[in-house]
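The values are calculated or read from the model by the stated rules, or taken from the named source; none is laboratory data. Keep in mind that what you see is a predicted model, and the values were worked out from it rather than measured. Every residue, glycine among them, receives a Cβ derived from its backbone with ideal geometry; neighbour counts consider all protein chains shown. Remember, those area values only see protein heavy atoms, side chains included, never the ligands or the DNA or RNA. Shrake-Rupley method; radii C 1.70, N 1.55, O 1.52, S 1.80 Å.
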Amino acid sequence: MITHCIFSTNPLPTSTCFHSKVIQFGYQILVAFCYLLPSVDKQWPPHFALNVKPMHPRLSNACRIRATFSDAKKSVEIPHQWYNITADLPVKPPPPLHPKTYEPVKPEDLSPLFPDELIKQEASSERFLDIPEEVLDVYSLWRPTPLIRAKRLEKLLDTPARIYYKYEGVSPAGSHKPNSAVPQAWYNKQAGVKNVVTETGAGQWGSALAFACSIFGLDCEVWQVRASYDTKPYRRLMMQTWGAKVHPSPSTITEAGRRMLRDDPSSPGSLGIAISEAVEVAANNADTKYCLGSVLNHVLLHQSVIGEECIKQMEAIGEIPDVIIGCTGGGSNFGGLSFPFLREKLNKKMNPVIRAVEPAACPSLTKGVYTYDYGDTAGLTPLMKMHTLGHEFVPDPIHAGGLRYHGMAPLISHVYELGLMEAIAIPQTECFHGAIQFARAEGLIPAPEPTHAIAATIREALQCRESGEAKVILTAMCGHGHFDLPAYEKYLQGNMFDLSFSDDKVKASLASIPQLTI
């Protein structure tokens, strides 16, 4: 018995000759006939357009960017503007403060670290900002990214919920991070900068910036958190392949690193420490600027391409999310997916629950305090009002290295304080259990960071199974885990454990935060 019908989905020539019309007519009959075969319908190619609701819609850049559904004939293209959530918030977020004067930061205070255009974006209140053509050209290497319905996971969980994930792992660096790395490198190049420095946790941001710098001809130097430097050598090799110089953090190269090593020679490092080292180098070298992969307003601005695409993709298939779930460390991928949807929620066009998920061992939103704190351990950066565990807090070395940050993006912290989103914390063993379920059902191996969103998505889907609600759940799959397999090995061998969260440790760290009366 025939169970599959294989044919090309490439567009036919647009010639108006008789033969082309006959071929087109016959092609449509073949499509219709195959669709009627009862044993074929569940195997239908997920990207093909029919006048029925697609069984497994997937949007990708086949012919790089074209994906059509039903009679709408809609194409999803790369957004030509970034979206700035600040323009639509009912209360504007508090400004960053100078680390010495405690006065609101002025543009000239940031000029040693960033080029002028990024400083303007950081303080912008415009709703939309145009994406430069040169940046769009590089984005076109992988954008738009796929929106995929997790039908096999739904079946495994026996849930009436419909689960969709926006997959950013198709970028050259394997994560969402190039969405900001590319424009940051381009703006630095336009400003005549020769060298950029940065920090990285799991290595996703470092590899993304190394890639972007190789495109635009900049030198790149990266301080990688020691715990990840040792356990994720292939991400380090990615950075080096693209021409970056990589140091373990804390290092002996900077005063900040040497001070940390004096206090703890075996320090596993943290993003806060790595930021201190990179900022120190940028501040002391006139030809060098600093790039940050999360937390700051302009980074979340660049990441908004994720949510802007996703809104169009969900419109094309006639879906509106009931729940949006993303992992949070510094907050860039969560903000990138959720902020465009939050705009629609504020405009009363939809009403999704927006839920951030963080590691139980580093729960800045759910356990931290909302106050002004430094973005780095040494206290070199401006003070930002955010949810923080204290800038001296060094998280245990969980496998989701990209989520080991003491604070949360000020914009996300502000949105959380306004009650426009939720936050939960999940331990890493539950996250990896969900990742294994996802990988065996959907085929993709997630990075440890989005396993938190997957675990929360599974929780929500199982609640739908109990209640019978057919909710639409949208989650952010911010990267693949191909270079994180040692973490999976530990889980599969039963050697992964949930790390503790010490209230006493946090109290000690919070005691070092400047006490401001603002």
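Here are the numbers for the structure shown:
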read-out: Placed amide H near T475: partners under 5 Å, 5+ positions off or other chain; value: Y164, Y165, K166, I325
read-out: Å² per residue, accessible surface of the range 150-196 at 1.4 Å; value: 31 Å²
read-out: I436/D230 FRET efficiency (R0 22 Å; Cβ-Cβ; nearest 0.05); value: 0.35
read-out: Solvent-accessible area per residue, Å², over the range 393-455 with all protein chains present [probe radius 1.4 Å]; value: 26 Å²
read-out: The range 222-344 - percent of accessible surface contributed by carbon and sulfur, probe 1.4 Å; value: 51 percent
read-out: Inter-label distance for I320 and E422, nm, one decimal - labels placed 7 Å from Cα along Cα-to-Cβ; value: 1.9 nm
read-out: Subset of K106/K289; K92/K345; K92/K348; K106/K385; K106/K177 violating a 22 Å alpha-carbon distance limit; value: K106/K177
read-out: Highest to lowest packing among 145-152, 190-197, scored as the average C-beta count within 10 Å; value: 145-152, 190-197
read-out: For peptides 177-186, 310-319, sequence by mean Cβ density within 10 Å, most packed first; value: 177-186, 310-319
read-out: Which of D88, D503, D376 is most accessible, then next, and so on - probe 1.4 Å; value: D503, D88, D376
read-out: Label zone at K507 (point 7 Å along Cα-to-Cβ), backbone N below 17 Å, the range 334-372; value: 367-369
read-out: Potential lengthening between V369 and Q515 on full extension [0.36 nm per residue; Cα-Cα distance subtracted]; value: 51.3 nm
read-out: The range 127-218, accessible surface, carbon-and-sulfur percent (1.4 angstrom probe); value: 47 percent
read-out: Among 224-234, 465-475, 424-434, the order from most to least packed when residues are scored by Cβ within 10 Å on average; value: 224-234, 424-434, 465-475
read-out: Accessible area of D322 in the full protein assembly, 1.4 Å probe (Å², nearest 10); value: 70 Å²
read-out: Difference of contour (0.36 nm per residue) and Cα-Cα distance, L237 to E108; value: 42.8 nm
read-out: Probe 1.4 Å, accessible area per residue of the range 213-319, Å²; value: 35 Å²
read-out: Gain on full stretching of the segment that runs from D287 to M350 - 0.36 nm per residue minus C-alpha separation; value: 18.0 nm
read-out: Portion, in percent, of the accessible area of the range 346-403 that falls on carbon or sulfur, probe 1.4 Å; value: 47 percent
read-out: Euclidean distance of C-alpha centroids, the range 131-154 and the range 76-127, integer Å; value: 25 Å
